[in-house]
Amino acid sequence: MASFNTIDDLDDAQRVLVRLDLNSPVEDGEVQDNRRFQRHAKTVRELAEAGHRVVLMAHQGRPGNDTFVSLDQHAEILGGYIDREVGFVDDIYGEKALDAIDALEAGEVLLLENTRMSDDELPEEDPELKAETEFVQTLAPHFDAYINDAYSAAHRKHASLVGFPLVLPAFAGRVMETEYEANTAIANREFDGQVTMVVGGTKATDVIGVMNTLGDKIDTFCMGGIASHLFLRAAGYDVGYDRHEDLDLYDTQWENNEEIIRELYEERRDQIKLPEGLAYEDDDGERAEHDNEELDAANYDYMDISEETVDKYDPIIRGSDAVFLKGALGVFEEEKFSAGTVGAVKAIAETDCFSVVGGGDTSRSIEMYGMDENDFDHVSIAGGAYIRALTGDDLPGIELLIDAAN
Ligand SMILES: Nc1ncnc2c1ncn2[C@@H]1O[C@H](COP(=O)(O)OP(=O)(O)OP(=O)(O)O)[C@@H](O)[C@H]1O
Ligand SMILES: O=C(O)[C@H](O)COP(=O)(O)O
């Protein structure tokens, strides 16, 4: 396996710039604690205890959506996991941020503002271009080393992920190391029996893009979440487009993926299992369901797969030798729409198969519904990155760490 330098290779008393992935669910403006804080705390604690000056970068949401918020709450939550204060500055590379960075003492920890609040961060571009941005050029001289711990964002070519490894000595943090090892081993594993992938979540583009490549390794895809609505649309049902002007869940993803969805649906129809119906909230606030023929996306928001679909997927999962889950099958955060996700995750937990549950949001369903992380072989805090890694391709953020070590 190709390798990179880790924090074991750092010199003493360094000024380190560390990229974490603390991207979290946000409910009514409140950032929800999740595994990402707990896992990254290990890296941050170790660096602080070793006497480095530790400056953290992370993103939250995307401009235009309601999870695009400041990182002030993240600093507080992370501080709770490392038993020391995580300072916060509402600036990324302006004077305020630079003053706070330069004032840091050995062992102190500071979190910078949401990297996506800088215009330099988001457009996906080649590392060489990202390395030239004001963001990277201004911050880099204040540090001795860059540490990437954001495995779950390593599939994105954003400045904080691919710009710094070109201008600073670059190392992997503990989460990066663990997830990389686990997911690379999984990608290379062969299974004798049935291999199933349960595909859900909101980021359909991430999964649809790799379904074709994974199609020769995976026997059956059980579809839920937004991707399943887009496939149902390709199959001719009245679903898979947006009805709220301010929420773009479907239309852009459909536009960007229509061709590949139609091709996949034609060529892999036996492999791709679609919902038999979807659930919505009726006028009394209760769960109700439509069969596929009754779907009416102009008037209803569909929030889960139907009970019949849960029953259809259950024996497929239980008859599998390996099951990979990426993304929730419905809005499991609301109990009445949790049947799809909980049905699939419980069936995986109860089956003696090799299992991986992935997704920053999705892995929360394990404790929310009384399941145990030990019932799975690997619970990844990555979603899109983990599914990309299963194709065997290296992720841009990781390739740069490997290059830096060579
Ligand atoms: N039908 C649906 N309508 C709206 N949201 C849905 C639906 N089905 C699933 N979801 C939402 O999908 C979210 C998880 O999606 P997402 O694609 O972000 O996956 P993830 O598992 O967090 O992966 P990643 O780590 O890549 O973000 C859940 O929070 C759930 O509420
Ligand atoms: O939550 C994630 O999957 C990562 O943080 C990447 O976020 P993004 O999908 O908004 O780029």
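Key figures
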item	result
Region 176-222: Cα Rg divided by the 2.2 N^0.38 Å rule of thumb	1.27
Accessible area in square angstrom per residue, region 189-375, 1.4 angstrom probe	44 Å²
Separation of alpha-carbon centers, region 327-406 and region 37-52, rounded to whole Å	23 Å
Residue-by-residue Karplus 3J(HN,Hα) for region 88-96, coefficients 6.51, -1.76, 1.60, Hz, glycine and proline x	9, 10, 7, 7, 10, 9, x, 4, 4
Distance-filtered residues of region 189-204 - backbone nitrogen under 20 Å, label point 7 angstrom along residue 321 Cα→Cβ	189-198
Dipole of region 89-244, positive end: most advanced residue of 199, 146, 170 [Cβ charges, Cα centre]	199
Burial order of peptide ranges 263-272, 12-21 (average beta-carbon count within 10 Å, highest first)	12-21, 263-272
Residue 197 long-range amide H proximity, modeled H, under 5 Å	220, 221, 222, 324
Check: the chain dipole with +1 on Lys, Arg Cβ and -1 on Asp, Glu Cβ, in debye	1180 debye
Principal axis dimensions, largest first and in whole angstrom, of region 189-375 by Cα	44, 37, 27
With Cα atoms, 0 to 90° folded angle of helix 307-318 axis to the chain main axis	70 degrees
Antiparallel bridges, percent of DSSP beta bridges restricted to region 189-375 (to nearest 5)	30 percent
Debye log10 I(q)/I(0) at q = 0.08 Å⁻¹ for the chain, Cα point scatterers	-0.43
Neighbour net charge for residue 155 - beta-carbon separation under 14 angstrom, K R +1, D E -1	-1
Amide hydrogen neighbours beyond the local backbone of residue 305, cut-off 5 Å, H modeled	225, 279, 340
Contact order normalised by residue count of region 189-375, Cα under 8 Å, 6+ apart, percent	24 percent
Under 17 Å from the residue 66 label point (7 Å along Cα→beta-carbon), backbone N, region 1-40	24-32
CD proxy at 222 nm, helix term only [per DSSP H run n ≥ 4: -39500 (n - 2.57); per residue of the chain; nearest 500]	-10500 deg cm²/dmol
Share of pairwise Cα separations in region 191-281, more than 17 Å, in percent	45 percent
Gaussian network model of the chain, Cα within-10 Å springs - most flexible of 108, 286, 132	286
Rounded to 5, percent antiparallel among DSSP beta bridges of the chain	20 percent
Sum of side-chain charges, residue 135 neighbourhood, beta-carbon under 9 Å (Lys, Arg +1; Asp, Glu -1)	-3
Per-residue HN-Hα couplings for region 27-35 [Karplus 6.51, -1.76, 1.60; θ = phi - 60°; Hz; x = Gly/Pro]	10, 6, x, 9, 6, 8, 4, 7, 3
Apportionment of accessible area to carbon and sulfur, region 189-375, percent (1.4 Å)	38 percent
Whole-angstrom gap from region 214-257 to region 129-206, using each part's C-alpha centre	26 Å
Compactness of region 1-111, expressed as Rg and Dmax over alpha-carbon positions, Å	14.4, 43
Heavy atoms of residue 313: accessible area, 1.4 Å probe, square angstrom to 10	10 Å²
Sum of side-chain charges, residue 104 neighbourhood, beta-carbon under 11 Å (Lys, Arg +1; Asp, Glu -1)	-2
Over region 18-67, relative contact order from alpha-carbon pairs under 8 Å, at least 6 apart, %	52 percent
Cβ-placed point charges (K, R +1; D, E -1), dipole of region 269-406 about Cα centre in debye, nearest 20	720 debye
Choice from 298, 150, 187 showing the highest fluctuation, given a GNM over the chain with Cα pairs closer than 10 Å	298
Amide hydrogen neighbours beyond the local backbone of residue 60, cut-off 5 Å, H modeled	115, 116
Region 330-406 - convex hull of alpha carbons, volume per residue in Å³	111 Å³
Within a Gaussian network of the chain (alpha carbon springs, distance under 10 Å), most fluctuating of 29, 392, 383	29
Positive dipole terminus of region 189-375, leading residue within 212, 257, 272 (C-beta point charges)	212
Dipole magnitude of region 189-375, debye to nearest 20 (Cβ charges: Lys/Arg +1, Asp/Glu -1, about Cα centre)	840 debye
Percentage relative contact order, the chain, counting C-alpha pairs under 8 Å, at least six apart	17 percent
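The values are calculated or read from the model by the stated rules, or taken from the named source; none is laboratory data. Bear in mind the structure is a predicted one, so any value in this text is a computation, not a measurement. All Cβ positions, glycine included, derive from the backbone under ideal geometry; neighbour counts span all protein chains shown. When the accessible area is computed, the model is the full protein with side chains, heavy atoms only, and any ligands, DNA or RNA have been set aside. Shrake-Rupley method; radii C 1.70, N 1.55, O 1.52, S 1.80 Å.
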